[in-house]
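Report on the structure given below.
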Amino acid sequence: MASLETTLDIFSALLASEQPAQVGEADEAIWAYLAAYDGLDAQMRALDRLGQGVAGLDASSAFMPILLDTLDRHRARLTEPSA
């Protein structure tokens, strides 16, 4: 489990990296952050807070679109009807 601040620190490092960041690193950070929340509603609220935090990070990074896409995929997963 990771806090919002820790997760945003990981994202900041990925955005600032001169080496191309891997989507898996962002995905792992998101999973670690969401693991602290039980239930879809709580995870969705947590993901919304994470998205707000990401909005304040370096938007000029080439990794930002990948990070935003990864957040969107998690949002879609949380809103999918369960089978």
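The values are calculated or read from the model by the stated rules, or taken from the named source; none is laboratory data. Here the structure is a predicted model, which means the values were calculated and not measured. A quick note on method: Cβ atoms are made from the backbone with ideal geometry, for glycine too, and the neighbour counts reach across all protein chains shown. Protein only, heavy atoms only, side chains kept; ligands, DNA and RNA dropped before computing areas. Shrake-Rupley method; radii C 1.70, N 1.55, O 1.52, S 1.80 Å.
Give me Rg/Rg_expected for the chain, where Rg uses Cα atoms only and Rg_expected = 2.2 N^0.38 Å with N residues.
1.05
Two decimals is fine: what's Rg over Rh for the range 1-44, C-alpha atoms, Kirkwood radius as Rh?
Radius of gyration relative to Kirkwood radius: 1.04.
Taking a probe of 1.4 Å, how large is the accessible area per residue of the chain, in Å²?
On a per-residue basis, the chain sits at 61 Å².
Round to the nearest 10 and give me the degree value, 0 to 90, for the angle of helix 4-16's Cα axis relative to the longest principal axis of the chain.
Approximately 40 degrees, to the nearest ten.
With each run of n ≥ 4 DSSP H residues scored as -39500 (n - 2.57), what mean residue ellipticity at 222 nm is computed for the chain after dividing by its residue count and rounding to the nearest 500 deg cm²/dmol?
Result for the chain, helices only: -22000 deg cm²/dmol.
How far, in degrees from 0 to 90, does helix 40-54 lean away from the longest principal axis of the Cα atoms of the chain, to the nearest 10?
Tilt relative to the chain: about 20 degrees.
HN-Hα J couplings of the range 56-65 from phi, Karplus 6.51/-1.76/1.60, θ = phi - 60°, integer Hz, Gly and Pro as x?
Values, residue by residue: x, 8, 5, 6, 7, 5, 5, 7, 4, x Hz.
In the chain, what percent of the accessible surface is made up of carbon and sulfur (1.4 Å probe, ligands and nucleic acids excluded)?
The computed percentage sits at 54.
Residue farthest toward the positive end of the dipole of the chain, with Cβ of Lys/Arg at +1 and Asp/Glu at -1: which of ALA32, GLY51, ALA2?
GLY51
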